[in-house]
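The values are calculated or read from the model by the stated rules, or taken from the named source; none is laboratory data. Note that the structure is a prediction, hence the values are computed from the model and not measured. Here the Cβ positions follow ideal geometry from the backbone for every residue, glycine too, while neighbour counts run over all protein chains shown.
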Amino acid sequence: MDSAFLVQFAYLVSAVLFIFGIMRMSAAKTAVSGNAIAAVGMLVAVVATLLNRGVVSYTVIIAGIVVGSAIGLVMATRIQMTAMPQMVALLNGFGGIASLLVASAELLRGGATVGDGSVVVPVAIFLGILIGGITFTGSLIAFAKLQEVMSGAPITYPLQQVVNGAIFVTAIGSGVMIVQDPTNMTAFAVLLGTAGLLGVLSVIPIGGADMPVVISLLNSYSGLAACATGFVLGNGGLVIAGSLVGSAGLILTKIMCDAMNRSITNVLFGAFGAAGAASTAGATGGVDRPAVKGYTADDAAIVFNSAQSAIIVPGYGMAVAQAQHAVRELVDVLEAKGIKVRFAIHPVAGRMPGHMNVLLAEANVPYEKLIEMEQINSDFGETDVALVIGANDVVNPAAREDESSPIYGMPVLDVDYAQHVMVVKRSLNTGFAGIDNPLFYNENTMMLFGDAKGMASAMAEAISES
């Protein structure tokens with residue numbers, strides 16, 4: 001049987017495994033097996049490629065696998081779950097630079113000039129370099145913002161969009177020149193520079209509140225860059241895998257934007273956060289807030305002892321304090337008292353899609369207890385206690401009530417409708433959006449100031465002893 005046919009058949013098998021794996025990832029109970037199936041699909045595609053293509057040196061390939069695996073092992077064992085968002089951003093960048101390097105290598109070796117004059121390969125090379133460059137540098141900026149190497153606030157300057165537009169037009173122009181003449185190294189250099197610059201300039205005006213959307217979008221970019229590289233190499237498996245990643249990332253980005261009641265253009269060009277900081281006074285109505293009394297774990301225990309139901313709302317503060325295991329212990333104590341406990345998950349809680357789900361799964365919280373916002377919001381009015389742990393913007397009632405608020409119209413968790421609200425927070429500082437939260441000053445709100453992990457443990461102990 002022809003070897004080329006076998007390779008293409010292997011790519012087809014890989015595609016089926018990818019799709020079937022993604023389907024199984026849609027449910028928590030089958031997600032692990034879905035991930036394993038997709039991984040097998042990638043293994044089939046990699047083996048088929050290595051057996052079919054003219055590999056210059058298997059020694060180099062093996063050395064790369066060993067070095068890459070060693071780095072991956074260190075990162076996997078040492079990176080804390082709180083740093084997972086910036087880790088994902090960095091991995092998106094690696095995918096982008098890989099696509100850029102492959103497309104560039106194909107251009108430099110003259111691969112774009114071989115064939116029947118078709119523009120498919122030159123165009124694919126152009127897109128691989130452009131999207132790969134934007135993904136790489138944009139992901140580095142996202143990583144730096146999340147890691148607090150640089151300010152997470154939006155960075156803006158006059159005529160920013162005009163400058164970005166001019167750079168983008170220049171990048172497109174250089175791409176056209178490459179398609180017309182793949183040996184034009186000046187155009188290649190301009191494309192590399194403009195692609196990298198676009199990645200930086202497109203992410204610096206985006207604030208921390210929008211990082212979940214940015215990470216999702218960059219993930220999509222990395223898939224699209226890989227898809228373009230697949231056309232460059234004539235590799236059907238890479239085209240399919242890149243298409244799946246790209247489309248899935250775009251769908252998730254749309255879901256995230258809908259969760260914030262904002263468009264993707266507003267996320268990318270709205271400099272959200274800068275406006276929020278400037279509008280804080282307006283968002284609070286210009287009214288002096290009353291003094292806030294801090295409550296203790298013992299006070300919380302008294303309320304819980306008379307409760308029959310509770311909804312816990314986790315946020316990034318829980319991740320920072322690594323409090324997920326302490327929260328699980330608190331849930332066990334509450335359920336031992338006969339209290340029905342569930343978790344309300346906002347789509348953009350934390351700093352990446354599914355951040356809270358991953359943390360709680362790590363603490364062995366049953367997935368059935370994690371309820372999406374749309375399904376649980378109507379239950380807050382009939383809930384005795386809403387316990388907010390480290391969340392801020394996603395529980396801000398100003399999004400419903402204050403038309404002057406920068407987040408007005410954003411769907412939020414209606415925790416203020418519960419009979420009692422407890423907020424575990426270090427201070428009254430604002431969240432990513434940079435605006436005040438009137439929830440903290442409501443009469444039915446108890447502010448429990450302190451570290452989320454320590455406060456959760458203290459509440460569990462107080463409830464057990466009461």
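Quick look at the values:
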{"quantity": "Any hit, region 405-420, residues being under 19 Å from VAL341 (Cα atoms), assigned by TED's automatic domain parsing to the domain that holds PRO314 and in contact with a His (Cβ under 8 Å, 6 or more places away or on another chain)", "calculated": "yes"}
{"quantity": "THR229 vs. criteria crowded, with 22+ Cβ neighbours inside 10 Å and closer than 12 Å to VAL348 by Cβ", "calculated": "no"}
{"quantity": "Test for ASN429: is it in a loop (DSSP other than H, G, I, E, B) and at positive phi", "calculated": "no"}
{"quantity": "Verdict on ILE62 being farther than 22 Å from PHE94 by Cβ and either within 22 Å of the chain's Cα centre (by Cα) or among the aliphatic types (A, V, I, L, M) (or both)", "calculated": "no"}
{"quantity": "Helices (runs of 4 or more DSSP H) contained entirely in region 259-338, each with at least 1 residues that are at pLDDT 90 or above", "calculated": "297-304, 316-320, 324-336"}
{"quantity": "Residue match in region 188-210 (condition: closer than 30 Å to GLY21 by Cα and touching a helix residue (DSSP H, G or I) at 6+ places or on another chain (Cβ under 6 Å))", "calculated": "yes"}
{"quantity": "Subset of region 421-432 [under 24 Å from LEU330 (Cα atoms) and either at pLDDT below 90 or not assigned by TED's automatic domain parsing to the domain that holds ILE311 (or both)]", "calculated": "ARG426, SER427, LEU428"}
{"quantity": "Matching entry among LEU201, LEU197 (being touching a residue at least 40 places away in the same chain (Cβ under 8 Å), closer than 26 Å to ALA349 by Cα and part of a helix (DSSP H, G or I))", "calculated": "LEU201"}
{"quantity": "Test set (1) within 16 Å of ILE311 (Cβ to Cβ); (2) in contact with a Pro (Cβ under 8 Å, 6 or more places away or on another chain); (3) of a type in the set (A, V, I, L, M); (4) touching a residue at least 60 places away in the same chain (Cβ under 8 Å) - VAL348 fails condition number", "calculated": "(1)"}
{"quantity": "Leading residue by the ranking (modelled with the highest pLDDT) among those in region 433-444 that are buried (at least 23 other Cβ atoms within 10 Å of the Cβ) and closer than 23 Å to ALA323 by Cβ", "calculated": "ASN437"}
